[in-house]
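Since the structure comes first, as structure tokens, the remarks are kept for the end.
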Amino acid sequence: ACGGGETGAAPAAPEKSIILITPNPVGSNSFLQLGVKGAEAAAKELGASFKLYESKDPTSIAQNVDAAVRAKPTVIVGISFSFDDVFNTVPKQHPDQQFLQVDSCAKEQAANLACVSFKEHEAAYLAGVEAGLLTKSGQIGVVAALDTPFVHRWIEPFFAGATSVRADVTGTPLYVGGANPFSDPARAKSQAQTLTGRGADIVAAAASAGNQGVFEAAASSGAKAFGVDINQCGQSAGNVIDNVLKHVDVAESAAIKEIAAGKTGGVKIYGLAEGGVGVNALDAEVASSGCTVAASPDVIAKVKQVRDDIVAGKITVADPLQG
Amino acid sequence: MNIFELSFLSGVLTATAPVLLAALGGLICQVAGVFNIALEGQLLWGAFTAVVVSDVTGSAWTGVAGAIAATVLFSGMLSAASVGLRADPIVVAVGLNLLALGLTGFLMRRIFGSGGTYSSPELAGLPTLAELGLDVPVLGPQSPLVPLALALVVAAAWWLGRTRSGLRVRAVGQHREAAEAAGLRVGAYRHGVVLVAGALCGLAGAQLALGNVTLFSEGMSAGRGWIAVVAVMLSGVLPYRLLLACLLFGFAEAVGFRLQGARLPQQAADAAPYVITLFALVLAAVAARRRPKEAS
Amino acid sequence: MSVPAAELVGVSKRFGPVLANDGIDLAVARGEVHAVVGENGAGKSTLMSILYGLHRPDSGHVLRAGERIRLRSPADGIRHGLGMVHQRFRLFPGLTVAENIVIGAEPVARGRVDQETAHRAVADLSAKYGLRADPAAQVGGLPVGVRQRVEILRALYRQAEVLILDEPTAVLTPAEAGRLFEVLRTVAATGVAILLVTHKLTEVLAASDRVTVLRQGRVTGRFATADTSADELVHAMIGRSLAAPEPRRRSKPDGDPALAVRDLTVHDADGVPRLSGVSFAVRPGEIVGIAGVAGSGQRELLDTVTGLRSPGRTGQVLLDGAPVVQGRDPRVAYVPEDRHGRATAPEMSLAENLLMGEQHRLATRFGLPRKTVRARAEQLTERFAISAASVDVPITALSGGNAQKAVLARELTRQSRVIVVEEPTQGVDVGVRERVHALLVAARDQGGAILLQSSELSELRELSDRVLVLFEGRLVAEFDADATEERLGQAMTGVLP
Amino acid sequence: MTRSLNEPRVLDLARRAALSAAVPAIGGALALTTLVMLAVGVNPADAYPALIRGAVADGNLEYTIAAFVPTLGMALAFALPLRAGEFNLGGDGQMAAGGIAAAALALAVPLPPVLAVVLPLLVAALAGGLVAALAAPLSTRLRVPAIVGTLLISAPAVSLASYLVRFPLAEQGSGIAQTPVLPDAAHLPALGGSGYVTLGLPLVVALTGIWLYADGRTVLGYEMRARGHNPEFARYGGVHVDRLAGYALAGGGAFAGLVGGLIVLGPPYRFVDGALTAPGYTFTAVAAVLLAASRPLAVPVAVALLTVLQVGGQGMEREAGVPSQLTQIVQGLIIVIVAVLATVRRRAAE
Ligand SMILES: Nc1ncnc2c1ncn2[C@@H]1O[C@H](COP(=O)(O)OP(=O)(O)OP(=O)(O)O)[C@@H](O)[C@H]1O
Ligand SMILES: Nc1ncnc2c1ncn2[C@@H]1O[C@H](COP(=O)(O)OP(=O)(O)OP(=O)(O)O)[C@@H](O)[C@H]1O
Ligand SMILES: [Mg+2]
Ligand SMILES: [Mg+2]
């Protein structure tokens, strides 16, 4: 019963706890790893305990949410749109329990559900600008795990960014698919090789565990790649230009701390303006990032300028999810 | 798009190699009368052990050897249970496939500290033939295991068709009692082929994890072992037909990728290899039915 | 007598509740043809399998040329100079005749099986003993007679010093059987010891030097062939004498044909004619026999009459004036030759095997009541004296003779007027044979129109009212029951009378 | 001499035989698993209670049942054709076809309350049956064995369903490929608090009962078993074996399609791309049926065992921090041990 009178940061506050539920096993999924990192960071700062529930399929998501509700933690965090359905109903049934959804928001948002989401498309656009400036052949591509609506936030804006600086760039997306789309690096590599074989010299990876396959394909064919979510430049030194970053950890940990402090509910959207998404080129430490973009100061300058234009509202990046 | 581009053919060969190696293992088992559907699990286990050994020793070739040894051991469970103790090989294989999935996932967390994907700059992959100084088209970008796989098809055809032990393996598969009565050691031959299939799946796994890519990721066999089983069933236990079946599948997959590039939906590309294989099957069967009738 | 070539000493073997061999002693000398006879299930095959190394005895042992030997598998048996021709074929359908014969002792040249040498060796052997077989042919497509020859050639190729033959003549024509016995004589003359298991007492009397009789796993008689008679052997086998054959009662066929075949021509899948212009009729109350060497078109004729196979067919098959129904005509009762492949589902229970064909009749609105199914099965087991632990045991657990009685029980109680019977007594002992024959005659006397195919001429002559002879797909002759075996044999081989 | 065993004794024997296989198998697997746990430093005293709690305690039983229902349905989809001698490995495709058909109907046609559930389920069964039946002529006319035919047809069927949910039937503005939520009338009535146990449970249990009855005590069941044991015997007996292959496969496919429909009409009441196939019901069901080793009565038991292990494994992971892969290892070992024990027993009996 941690509802009742809000005690804020009173010294006698009961032990705080955080439960994070993922839609899939975390494994080497960089996005989920960031989610874990953010929750752990918040727990450390709050002196709270932390538990991770990894789900296997939609049914087990619901099961994990129920188990979490029974444990009555300070906040239950669910990552991704896979929680849209569950968080439509469960928070309403447990008004005393606080929930946080990261990276999406249930349609019928209850007062005890806070949401954090991101404008990935803005970061993808910046990466596209880099690709447009750096491509020699004028052909670029993306290898994504599956053709879901969401993944298009990394595809069309990427191509749009490229054409914004070089009108004749053509972009091709390929999807890994097959029996195990999220964990088939060999197939992802074949896809990337298909792209490079047809002349693409830049391939962005959005293939989960397949990313490493994309980097290998780039390395073997002299092309360059983009990573996703976190800095993946070190995974294939010299072959990765930059990454479409999503600072899930920062946003999530901030949201958890706010909830712990009693500021519950509401939606926070992180874009370039809020520093919730970005590319390594914008970083002060770009030189030590291992990303090859560090060697092109003019590209970095252009990217910074486009970022400023977006923040200032001079450029609007179309969100593919909004039709 | 030009499907005769060399890079395209090379890609087909890369995609085909692990399937072909595993399927060869399945084929010799089939010839000896053991229906081996544990290829998926063994392929995964081979990939995992190849990466572990290569990572520890820093040598890809030791990784290949380790994968062969470890997968032979793994297939020892199949041979002990289904040949030695005469348990139903299909049931045992279903269990072993599950075991391989669980074991690799579990051990991965123990050894590398996390699930998902393991890759590292220190992890040694197989060299390409080009790197070994054999820069020929199509084969140049392949690991030496790819031409080895092709050579093994020829070797298997020769072995089964011409040699004494090959003849005996065929005999054992056709009629167990007859083979026993002819004084052949049925159990020994069946143990043998299951273990050799283990070695081939080890090679297949090594090619997948150290040749096609240089990493391990959970469940990375991704159904290739099942495709190998289908190829075996389509081959009529003839090695060259097996090669054809595997190549057809790899070819159809690569065509699917290209079609995706031409804006066909991903789902169509996913379905392509299966649909093309079905068509090929139906055409072949219809042709086979028509032939004798025309003679009359 | 010098040291026997092979000797079984005090051999016992138990299968579950069945004591198949019970302290059997048996010796066979070099150059001797030694017959082993006995009822179905007497333990003959078991004993021979123990000698060859296929089964291991529970007690007792085997001596070879006076030395005690250890037999863990047939490989050991072969090493000790034993060879065996099995009751059920043990051949590889996908291999060639030559490969089947040389396997286990293949000639090898430069790492490969030397096919040329193998073919030559097989051709030589084949010529030497007059056992024709094309070395290059695939065994799978060969008629049973040829397969039997291949089995025999294999044993000869291995140069066995002790040659065991378990019912080698069950599927041979009389002429082929006669030739086989000549071969055995020749082989024996070279010092080989031969053990011959058979149900046909005429063969025993004609071809052997000595006879051992088994009954319920024990030896009940040892005879020198010259000093014994069929009667004495039967008495030792079944503990009584056979009833004197009843004087043949001529049938009085009456009415319209129940089965009429008109100008029937059948081509196989390759377009080769298997039957050409065959016409005949079977009337109620008669048994019409079909004779012919294996592969003369019997298979196609019976499959067409029963409706089971029909591609490439012209002409008519009429049952009571109406065309036969394709698939399986329910108006025909049919006892097939292939007991395990067609007539039964070996793993299903006796009751369920007895049910086939009657399932729709026994069904109620609520399905097939188990009680009814079992009750009917128990009634049939009783009436046809089928010996089984229960009607719930799988039919494989029945001996060959009992399985055959079960098939007959099922088919003869279908109340079909037309009854097609193939090799009704193949591999069954004299007691069962007597009983089967009585059943068929009774069915005829109740107005059955019976078409009987048998490779045993004595059986055909004993049962049939008329015998039709097939040769190369044509009906070449018709005999009445008094025809001699010699004339029948001539017609079967195309030497027309 | 005919000695008839009386019925109760036969049943008793059968029960004891089934138990005698299960007990040592589970015992052996548990012993091995305990060894594995000890070897990797997991305390079995923590892990096992967590496994049990994860499957049956704290309201988890509902989830175990929620997984049991589709797995049992898929077990029938595999077992029914298997009795007639055909291997149906295409359950995924049949299930996806059923699911998408049910969703399409429920979304496209507004139906009155009861009909809104019944019709989509019927259409789902029909769709699954059709997909499976495609393999029948391949097998009977073209000699492509059903084990290959069903497997090859399954993948395109899954792709087709995936295409439909991604494009024509997609919910606009959603991040994942899924249909909109189905109308309320099409929601399967819930039987428990969480809504995860639905009318699907009694439905599938009833269908299992019907199948068991049909298998053992009807003409169709008898003819299918005869075909499964020896097709030539069945053909000789006048059974239309080719037609029967079609019925058997279609019947199995109908079960799979129905499962797809049940999943879609249950929470979250829509077709979510990949959600039907991701939990691996098809494969678990195949394992369960093979585990039951042609004893139809053992099928539901084997399904229950594997479901408990899988669902419980997630509880074990949550509570005791033991990777749930451990339960995959246990399942694999149980299957192998049961297979071995089955033959050892058979040979002992001989
Ligand atoms: N593998 C076996 N398992 C169980 N029982 C067996 C086995 N082999 C033989 N028997 C039993 O042993 C007895 C002897 O069988 P065997 O085959 O030796 O008889 P047989 O004299 O050759 O008969 P037939 O004339 O029918 O060939 C039979 O009662 C049979 O049921
Ligand atoms: N699994 C089994 N359980 C019990 N008895 C068996 C089993 N398998 C075989 N038998 C017995 O073994 C014997 C084997 O006989 P065999 O192989 O010589 O042929 P058969 O069945 O007697 O047929 P036939 O002699 O008519 O060709 C059978 O009589 C049968 O009783
Ligand atoms: Mg015998
Ligand atoms: Mg016998």
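Points to keep in mind about this one:
- Sum of side-chain charges, A:Pro73 neighbourhood, beta-carbon under 9 Å (Lys, Arg +1; Asp, Glu -1): +3
- Spin-label model, B:Val282/D:Tyr213: points 7 Å from Cα along the beta carbon direction are separated by 3.9 nm.
- Shown for the protein assembly as shown is the translational diffusion coefficient from the Stokes-Einstein equation, using the Kirkwood radius over Cα pairs, a temperature of 4 °C and a viscosity of 1.567 mPa s: 36 µm²/s.
- Alpha-carbon centroid distance for the pair the stretch D:100-164 / the stretch C:376-415, whole angstrom: 44 Å
- The Rg/Rh ratio of chain C, with both radii computed over alpha carbons and Rh defined as the Kirkwood radius, is 0.97.
- With Cα atoms defining each centre, the stretch A:258-293 and the stretch C:419-437 are spaced 91 Å apart in the structure.
- Shown here: the stretch A:23-95, whose C-alpha atoms stretch 30, 27, 16 Å along the first, second and third principal axes, sorted largest to smallest.
- Qualifying chymotrypsin sites (Phe, Trp or Tyr not before Pro) for the stretch C:304-387 [loop in DSSP, other Cβ within 10 Å: at most 15]: C:Phe366
- Taking 20 Å as the straight-line reach from the Cα of A:Lys51, the aspartates and glutamates in range (excluding those fewer than 8 positions away in the same chain) are A:Glu15, A:Glu40, A:Asp66, A:Asp96, A:Asp103, A:Asp249, A:Glu252, A:Glu258, D:Asp46, D:Asp58, D:Glu317, D:Glu319.
- Using a Förster distance of 51 Å, the FRET efficiency for B:Leu238-A:Gln93 (Cβ separation, nearest 0.05): 0.25
- Percent RCO, i.e. relative contact order, over the stretch D:187-284, from Cα pairs under 8 Å lying at least 6 residues apart: 25 percent
- Net lengthening on full extension, C:Arg72/C:Thr484 (0.36 nm per residue, minus Cα-Cα): 143.5 nm
- Chain A - Rg and Dmax from Cα coordinates, angstrom: 20.3, 65
- This ranking places D:Tyr247, B:Tyr240, C:Tyr157 by how few other beta-carbon atoms lie within 10 Å of each, fewest first, which gives B:Tyr240, D:Tyr247, C:Tyr157.
- Available extension along the chain between B:Arg86 and B:Ser165 is 26.2 nm, counting 0.36 nm per residue and deducting the alpha carbon span.
- Theoretical FRET efficiency, 1/(1+(r/R0)^6), r = Cβ-Cβ of C:Ala438 and C:Gln415, R0 25 Å, to 0.05: 0.85
- Pairs exceeding 21 Å between alpha-carbon atoms, taken from A:Lys16/A:Lys257; A:Lys246/A:Lys268; A:Lys119/A:Lys224; A:Lys56/A:Lys92; A:Lys72/A:Lys257: A:Lys119/A:Lys224; A:Lys56/A:Lys92.
- Around the Cα centre of chain C, unit charges on the Cβ atoms of Lys, Arg, Asp and Glu (plus for the first two, minus for the last two) sum to a dipole of about 1120 debye.
- Electrostatic tally near C:Ser416: other residues with Cβ closer than 10 Å to its Cβ, Lys and Arg +1, Asp and Glu -1, net +1.
- A:Arg166 versus D:Val205: modelled label distance in nm, points set 7 Å from Cα along the beta carbon direction: 6.6 nm
- Considering only beta bridges that DSSP places wholly inside the stretch C:6-238, some 55 percent are antiparallel.
- Think of the stretch C:6-238 as having a plus end and a minus end, set by charges on the Cβ of Lys, Arg, Asp and Glu; of C:Ser208, C:Ala98, C:Ser45, C:Ala98 sits farthest toward the positive end of this dipole.
- Exposure rule at most 16 other beta-carbon atoms within 10 Å, DSSP loop trypsin sites (Lys or Arg not before Pro): chain D longest free segment: D:144-350
- In order along the stretch D:127-139, phi translates into HN-Hα couplings of 4, x, x, 5, 4, 5, 5, 4, 6, 5, x, 4, 6 Hz, rounded to whole numbers, per the Karplus curve 6.51 cos²θ - 1.76 cosθ + 1.60 with θ = phi - 60° and x for Gly and Pro.
- Burial ordering of D:Met74, C:Met356, fewest other beta-carbon atoms within 10 Å first: C:Met356, D:Met74
- Over all distinct Cα-Cα pairs of the stretch C:6-238, the Kirkwood formula returns a hydrodynamic radius of 18.1 Å.
- Each principal axis of the Cα cloud of the stretch C:344-411 was taken in turn, and the coordinate range along them, longest first, works out to 36, 23, 19 Å.
- Burial ordering of B:Trp158, A:Trp154, fewest other beta-carbon atoms within 10 Å first: B:Trp158, A:Trp154
- For the protein assembly as shown, the antiparallel share of DSSP beta bridges with both residues in that region comes to about 40%.
- Whole-Hz couplings from phi, Karplus 6.51/-1.76/1.60, listed for the stretch A:90-101; x for Gly and Pro: 4, x, 5, 6, 10, x, 7, 9, 8, 10, 9, 10
- Between the stretch C:45-121 and the stretch D:297-350, the Cα center-to-center distance that results, in Å: 43 Å
- B:Ala262/A:Ala312 FRET efficiency (R0 45 Å; Cβ-Cβ; nearest 0.05): 0.70
- Projecting the Cα atoms of B:Gly133, B:Gly41, B:Val91 onto the charge dipole of the stretch B:6-295, computed from C-beta unit charges around the Cα centre, puts B:Val91 farthest toward the positive end.
- Pairwise label distance in nanometres, C:Thr493 with A:Lys257, each label 7 Å out on the Cα-Cβ vector: 10.8 nm
- Overall dimensions of chain B as given by Cα atoms, namely Rg and Dmax in Å: 19.6, 69
- With N the number of residues in chain D, Rg(Cα) / (2.2 N^0.38 Å) evaluates to 1.04.
- Whole-Hz couplings from phi, Karplus 6.51/-1.76/1.60, listed for the stretch D:32-44; x for Gly and Pro: 4, 4, 4, 4, 4, 4, 4, 4, 9, x, 9, 7, x
- The calculated 222 nm mean residue ellipticity attributable to helices in chain B amounts to -24000 deg cm²/dmol, summing -39500 (n - 2.57) over DSSP H runs of n ≥ 4 and dividing by all residues.
- Charge dipole magnitude, Cβ of K and R +1, D and E -1 - the stretch A:22-130, Cα centre, debye nearest 20: 360 debye
- Length added when fully stretched, D:Val118-D:Arg345, from 0.36 nm per residue minus Cα-Cα: 77.2 nm
Bear in mind that the values in this text are calculations on the coordinates, not laboratory data. This one's a predicted model, so the numbers in the text were calculated from it and none came from an experiment. Neighbour counts run over all protein chains shown; Cβ positions are idealised from the backbone, glycine included.
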